[in-house]
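Enquirer: This is the structure I want to talk about, given as structure tokens.
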């Protein structure tokens, strides 16, 4: 079964609406050729260098593929990553990768989930932000067993704890490693 | 009166030593041990184009007990270092080490201030006999390394020296 | 004459006696089934050697002893096959081949 | 006691000769194998030690001899040392009964064929012991494989040999050769009027011989990519060298047996050269085939190997056995 | 006849006897089961040598083929499957010693008795040979005089193989 | 042989024993360690432990400029260095909106496909080595040398090429390369047939691979496995077709798919891919336009803030580079999504209950490059 | 059943085909280039450790010690120092150290150089028993080369 981009965007915007962050009202899906910068707000775009750190105001946006390399960009709250994974699983997506980004200036960690569809050209990015001093997020490894390693790796590099993960021992770092090298404040 | 006999014996031992050194130099069995990029060039050196077997060095032994020379071909990181050390210890005397490629010599391009993973040179773990620089070195360089090891063992070079073209 | 030890029946008979004794000693001392099996084999060998020695030095027909030894070998092979399969079956079920621990087989 | 005292000294001398033959053969067969492998792969192989690489085996042996001697910790010391001896000596004993020419045979006994097989069976046990004594997981797995393999291939091998025994009616190897006098269609290999499946029998014999000597594609003893170095993992220096030698001694033995049983031994098709030349010619042709096979095929999977024996070779060899007994009875 | 070959032959004979005795001792005294099997194999090789001295090369080879090649290998296989090394003595040391003493006593007594019988027995002088003891003769006797035992042995072997298969298979089923 | 020679602890026979395969083991293709829990010859659990060649690529991405990171990409998966060059260069070009001249794109495709063939040849030879066949290795390396000669003549190195630049290539190809490549294509076809006769049709190999290590399409999806692993499970997923990059959309080729999902299917996929690569090279050579090989690139590269992805079909599967920029001349974050990582992660599940040689045949059929996993 | 029986001769035939192929290869000439006796041609673009180029007229290094290469190098393996000599417009190089053991041969230095003062050498067969041999003083090398052309 191959879902259409519109259906997916619709499904995710509903997810965002039902579980939206309280401060934010449900937002329409922005479509079409978004500006080259990731954020839709003109102010942020003008600001340039500080653009990326702020969370995109529009949680679900379709993106022009040639510009960014993916089709759908969804920002959700950390609680919803499992739900999002389930939706994508039902739609036949496969997990591409999971990674973190350490936004030290905002004192936040971003966790990015990339998905691709094995049967069609559809790339979905799910992103969420967690607090940097207590980075914890539910695991999606029950939905995608392949997430197990990706989450372990993210834990290695960023110290993000995936609650419910079966085994968070270092994967790529030595077994006794207690450092998280990709944090921006890491020193060897 | 007895001295001449003694000298002759010494001379004979020296000849025997030379013979042994020559034998060892012509029968360097490497350990099957590839780490990264350089390992592919090591395989290529065993390939038909370069054919390391001409020097009797194609008998790649997977067990360190039977290997004479360890060709460290690639980066050693801190997780791997104890294992490499164990392998070196499991090899029997006399044994030699060839550090192939920049990573094995000094950590290569993966060294930067504040790095956390790479061992900066295999000679930090155990003595190295021959260094072959390059990223990765060409198979000829590996053959040259084998010849350099032979030169180190026997004290002379039996092969012509190849000058690189300008 | 003393040199030709190999021409004297006594040597073989004493050797056979030794093998028998060793086998019996092992049979008593061993606590594993396979150990006992090995001792049993020694006893078989003692018998075979006796047969051969007597065949060589006493009987008119030199084939008889050899045939009996062949039979012994056949029996030994059969015995080994069956015993080992029993041992392995026992081992599978009881996870032990120590003869003491098999007492539950008694009742 | 004439059979005992007649020629013990000659026998000893012959044994020494055989040892030299085996040693020389092993050393230079290794070189031949390495150079042959090189040719199959379009490279020259060892050629820098001595003229054309002729001193390569000398260098290897000298190096192996001068390696440090250790018995790895945790091994069963006695068995660990005993095993290489047990591997090499039976092969040498067996070569004593192989007729290299009509007269060139260390000891011609009338049950020579039986001798080869009985001593050949010690080999299995030795490899098993070496694996066990090493106390290394790879070695133990490999040893278990070798035993099941050898046991499995002993059966079709013996069946084939029994088929041949029916044809020849004797276990005297020299007598078997003598029966194959004449042109090459008198060789047992081509005696299709005795048993139309004779070439098939030879192929089965050859396959079993490969398996019994643990040669590729049946080299379970030293399955490098799976089990590091198999049973030899813990062996070093000359201990390992002896295993190497034993492998080649066994190949020489197996190929000699093949030559004697199927290819007419020292019988010459034309009568140009003395018998021993013909024998060696046939022997090395077979050995070349062994090397050729090794450098052509990948290794078989272990249970495929057992399947091959139990499902294909044993039924076929049983069938040939029945066929030849029927043919002998009928004609 | 080369002078001194007598000594050589006797030496070989001594070696064979030593192998037999040493093998037997190793087989019963060693605590490691794998060494026991090696001892058994050694003992069998020695026995084969003895058979050779007893004028029967055929049986010597059969001994090696069957005992070393089949029996010992099978036992080692069994050992590998079940790994039975002698357990640590669980009983009290005194009882252990007692058992050892008893075993030694019994076996020594048997050895002494049987060996004495063997040495002292007045064996009648060998009669004139009837057959020649060769492989052919054995084959002929097997198929004529001893055909019934031969068939029986074959039957026993067949039953043993089938039984072994059944038992081993049944054991697996219960896992 | 790293594993200390400890005695298998089967004192409690119900227990299985642990076999430490690697980090130095002939079948580990480098320094992968697999902790195998074995029951006799059967694998009850095979837990891969990567990380023995972790080389901090992602950390290095954060402390050097965009240009300076380029040589690193060729060393992640050194067997398909050009694909990895391509992915990173593509991501930066996408972010900075750099136009690449068409000639450069065609040359990128030609060299990438040559690189794919050489990568598959190394896989083929190493796999055959795993399976105990040594001679194919030598034949494959002889053929591979021809590719290396071609690539070395234009890039200057044999293995870790650093040939692509942001906006194009560091130097143009010459006629010798074009003729050499055509000659190579002509030579390679009969060689591939020879490989088929010598190895693929060989009964021993077929018996070893057919039905061994089945991986279903669903398993691939759950683990994100791509490349020949996914195509060997019957899914025609190829980034070159699905998310066409460079000029692949203008070339006519098809994606070999084998539905069986066993090791033989993965094997056949790669063998068929080599033929397709030859086709692509021929077409690209025919269509090769004239013109410059370098586009307009600003002197100091600053990417607009945001994150950008670029995926390519590397020899082992989908390789995606995700760069996050904060409008500086050094990357804020470089994420390398490597195919071997995902492909290996399904190994534990796929290898359950297999015999050791089969498990190793499966491992080899995944075509792993260990630094590609560890990065 | 029939298929599996047919499999036997077919499989056997495939083995024979394989053996035929290796035998044909056996009789073909070797393709080895015996390295120390004969060498392969090294392509013009081969990337060996970098070296300084000299002005063909004066024989002096072209380098102006602008340190662009030092900054461009990803692995910090270049160290350049120069002085401004009297009477010359540009600086001239006094020290150019290359730590080749860290180099990844990426070519960044060669590309960034404004006056083509660096080029790749063709030293493809380096091997030595000391790793200090690979910390090249390129200025000294250039001078040594000049002395014995």
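Since every read-out is calculated from the coordinates, none of them should be taken as a lab result. Only a predicted model underlies this, so the values are computations on that prediction, with no experimental measurement involved. Cβ sites come from the backbone with ideal geometry, for glycine too, and all protein chains shown count toward neighbours.
Enquirer: Roughly what would the spin-label model give for residue D:311 and residue D:186, points 7 Å off Cα along C-beta, in nm?
Expert: 4.3 nm
Enquirer: When 1/r is averaged over all different Cα pairs and the result inverted, which Kirkwood radius in Å belongs to region G:50-147?
Expert: Kirkwood radius, region G:50-147: 13.9 Å.
Enquirer: Per DSSP helix of 4 or more residues, -39500 (n - 2.57); summed, then divided by the residues of the protein assembly as shown. What does that give at 222 nm, rounded to the nearest 500?
Expert: My calculation for the protein assembly as shown gives -16500 deg cm²/dmol from helical runs alone.
Enquirer: Next up: Taking each residue in B:22-33, count the Cβ atoms of any other chain within 10 Å of its Cβ, then average. What number comes out?
Expert: 6
Enquirer: In the Gaussian network model of chain D, springs joining C-alpha atoms below 10 Å, which of D:170, D:259, D:213 carries the largest mean-square fluctuation?
Expert: D:170
Enquirer: Take every Cα-Cα distance within region A:116-188, group them into 5 Å bins from 0 onward, and report for each bin the whole-number percent of pairs it holds.
Expert: All Cα pairs considered, the percentages come to 3, 15, 22, 23, 18, 10, 6, 2, 0.
Enquirer: Quick check on packing: order C:65-73, F:188-196, D:306-314 by the mean number of other C-beta atoms within 10 Å, highest mean leading.
Expert: Averaged packing, sorted descending, gives the order C:65-73, D:306-314, F:188-196.
Enquirer: May I ask for the angle, rounded to the nearest 10°, between helix B:3-25 and the longest principal axis of chain B, with both axes built from Cα atoms and the value confined to 0 to 90°?
Expert: 30 degrees
Enquirer: Continuing with this model, one more query. Hey, if you drop one equal point scatterer on each alpha-carbon of region D:112-200 and run the Debye formula without solvent, what base-10 log of I(q)/I(0) do you get at q = 0.18, 0.26 Å⁻¹?
Expert: The calculated log intensity ratios at q = 0.18, 0.26 Å⁻¹ are -0.83, -1.25.
Enquirer: When a/c reaches 1.5 or more, the comparison of a/b and b/c decides; with that in mind, is region F:211-343 rounded, prolate or oblate per its Cα gyration tensor?
Expert: Taking the square roots of the gyration eigenvalues as a ≥ b ≥ c, region F:211-343 is oblate.
Enquirer: Measuring from centroid to centroid over Cα atoms, what is the spacing of region F:32-68 and region A:159-180 in Å?
Expert: 13 Å
Enquirer: Taking a quarter of the surface of the Cα convex hull of region E:134-175, what do you get in nm²?
Expert: Mean orientational projected area (region E:134-175, Cα hull): 3.4 nm².
Enquirer: Sticking with this structure for a sec: Extent of region D:160-272 along each principal axis, from alpha carbon coordinates, in Å, largest to smallest?
Expert: The Cα atoms of region D:160-272 stretch 50, 29, 24 Å along their principal axes.
Enquirer: Okay, moving on. I'd like the mean, over residues of F:158-165, of how many other protein chain beta carbons sit within 10 Å of each residue's own Cβ.
Expert: Average neighbour count from other chains, rounded to a whole number: 5.
Enquirer: Using Stokes-Einstein with the Kirkwood hydrodynamic radius over Cα pairs, what translational diffusion coefficient do you get for chain F at 10 °C and a viscosity of 1.306 mPa s, in µm²/s rounded to a whole number?
Expert: 74 µm²/s
Enquirer: Using R₀ = 25 Å, calculate the FRET efficiency as 1/(1 + (r/R₀)^6) where r is the Cβ-Cβ separation of residue G:130 and residue D:69; round to 0.05.
Expert: The calculated FRET efficiency here is 0.20.
Enquirer: Taking Rh as the Kirkwood radius computed over C-alpha pairs, what is the Stokes-Einstein D of region F:265-318 at 20 °C in a medium of viscosity 1.002 mPa s, expressed in µm² per second?
Expert: Once the numbers are plugged in, D ends up at 140 µm²/s.
Enquirer: Distances over 30 Å make up what percent of all Cα-Cα pairs in chain D?
Expert: 37 percent
Enquirer: Could I ask something else about it? Just round it to a whole percent: the fraction of Cα-Cα distances in region B:3-154 exceeding 20 Å.
Expert: Beyond 20 Å sits 50 percent of the P(r) for region B:3-154.
Enquirer: For chain B, give the share of DSSP beta bridges that are antiparallel, in percent and rounded to the nearest 5; count only bridges with both residues there.
Expert: 10 percent
Enquirer: Any idea what the relative contact order of chain G is, in percent, if you count C-alpha pairs under 8 Å spaced at least 6 apart?
Expert: Normalised by residue count, the contact order of chain G is 25 percent.
Enquirer: Here's a follow-up. Where the eigenvalues come from the Cα gyration tensor of region C:14-67, what are the semi-axes √(5λ) of the equivalent ellipsoid, largest first, in whole Å?
Expert: Gyration-tensor ellipsoid for region C:14-67: 27, 11, 4 Å.
Enquirer: Please report, in cubic angstrom per residue, the volume enclosed by the convex hull of the alpha-carbon atoms of region A:67-185.
Expert: Output value, Cα hull per residue: 108 Å³.
Enquirer: Also, quick follow-up: Sorted by average packing, counted as other Cβ atoms within 10 angstrom per residue and highest first, what order do C:18-24, D:130-136, D:81-87 take?
Expert: Listed from highest to lowest mean packing, they are D:130-136, C:18-24, D:81-87.
Enquirer: How high is the relative contact order of chain B, in percent, with contacts defined as C-alpha pairs under 8 Å that are six or more residues apart?
Expert: 22 percent
Enquirer: If I take every Cα pair under 8 Å that is 6 or more residues apart in region G:59-104, average their sequence separation and divide by the length, what percent do I get for the relative contact order?
Expert: Relative contact order here is 38 percent.
Enquirer: When only alpha-carbon atoms are used, what values of Rg and Dmax, in angstrom, describe region D:171-220?
Expert: For region D:171-220, the Cα-based Rg and Dmax read 13.5, 40 Å.
Enquirer: Something else now. Could you work out which residue, out of G:39, G:24, G:94, moves most in a Gaussian network model of chain G, that is, has the largest mean-square fluctuation with Cα springs under 10 Å?
Expert: G:24
Enquirer: Compute the Cα gyration tensor for region F:145-254, then decide on rounded, prolate or oblate, letting a ≥ b ≥ c be the square roots of its eigenvalues: rounded whenever a/c is under 1.5, prolate when a/b is larger than b/c in the other cases, and oblate in all that remain.
Expert: Oblate shape, in that a/c is at least 1.5 and b/c is the bigger or equal ratio.
Enquirer: In square nanometres, what is one fourth of the surface area of the convex hull spanned by the alpha carbons of region E:8-86?
Expert: Average of the hull's projected areas for region E:8-86 equals 5.0 nm².
Enquirer: Just order D:149-162, A:146-159 by mean Cβ neighbour count inside 10 Å, highest at the front, would you?
Expert: Descending packing order for the listed peptides: A:146-159, D:149-162.
Enquirer: Which distance in Å, rounded to a whole number, links the C-alpha centroids of region G:92-149 and region F:70-111?
Expert: For region G:92-149 versus region F:70-111, the Cα centre distance is 28 Å.
Enquirer: So how far apart, in nm, are the two label points at residue E:165 and residue D:326 if each is 7 Å from Cα heading toward Cβ?
Expert: 2.3 nm
Enquirer: Can you figure out the FRET efficiency of residue E:136 with residue G:112, using R₀ = 60 Å and their beta-carbon distance, to the nearest 0.05?
Expert: After rounding to 0.05, the efficiency reads 0.05.
Enquirer: From the C-alpha gyration tensor of region G:18-94, pull out the three semi-axes of the equivalent ellipsoid (sqrt of 5λ each), sorted largest to smallest, in whole Å.
Expert: The three semi-axes for region G:18-94 are 50, 16, 8 Å.
Enquirer: Can I ask one more? Over 18 Å apart: what share of the alpha carbon pairs of region D:51-122 falls there, rounded to a whole percent?
Expert: Tail of the P(r) past 18 Å holds 63 percent of the pairs.
Enquirer: Which number do you get for Rg(Cα) / (2.2 N^0.38 Å) in the protein assembly as shown?
Expert: In units of the 2.2 N^0.38 Å rule of thumb, it is 1.04.
Enquirer: Let me ask something additional. Hey, for a label at residue G:33 modelled as a point 7 Å past Cα toward Cβ, could you say which residues of region G:45-79 have their backbone N under 19 Å away?
Expert: Label zone hits: G:45-49.
Enquirer: Give the Debye-formula value of log10 I(q)/I(0) at each listed q (0.19, 0.20, 0.21 Å⁻¹), with one equal scatterer per alpha carbon of region D:1-146, two decimals each.
Expert: Normalising to I(0) and taking log10 leaves -1.20, -1.21, -1.22.
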